[in-house]
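A short worksheet on the structure shown next.
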Amino acid sequence: MSSDNDYLDGNAAAGELSSIFATDITAAEGQCANCGATKRFAEAHVYMQTPGVVARCAACEHVLLRVVNVRHRIFLDVRGMTFLSFDTSQDRRTVQAAS
Ligand SMILES: [Zn+2]
């Protein structure tokens, strides 16, 4: 049984996904493979009560992404998205100058 308030927003998955993605995934845009909605990942509905993390589309509740960490192995399922797009124009990574 679920209620309308049993999920968090996409920012809740940032910690788990930071071990996979080198950039901030919450600012990335993804397209739902079910309804075609394109939204920032931070807008997804994230369910943390499962054995892993499940992100669902904010428009239609289709599963966008699943992450499960089992015995030092991370399983990432992104079949629910047509694409995940990262904006690199604000990339703050810098190369340290040798001193
Ligand atoms: Zn959708």
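Some points to look at:
- Additional length obtainable on full extension of the chain from A59 to L76, 0.36 nm per residue less Cα span: 3.9 nm
- Paramagnetic label reach from L84 (point 7 Å along Cα→Cβ; backbone nitrogen cut-off under 14 Å): within the range 2-36, residues 10-33.
- Highest GNM mean-square fluctuation among H72, H62, H45, for the chain modelled with Cα contacts below 10 Å: H72.
- The GNM of the chain, with springs linking C-alpha atoms under 10 angstrom apart, assigns the highest mean-square fluctuation among T26, T38, T88 to T88.
Since every read-out is calculated from the coordinates, none of them should be taken as a lab result. Computed from a prediction, not measured in an experiment: that's the story for all the values here. Heads up, the Cβs are rebuilt from the backbone with ideal geometry, glycines too, and the neighbour counts pull from every protein chain shown.
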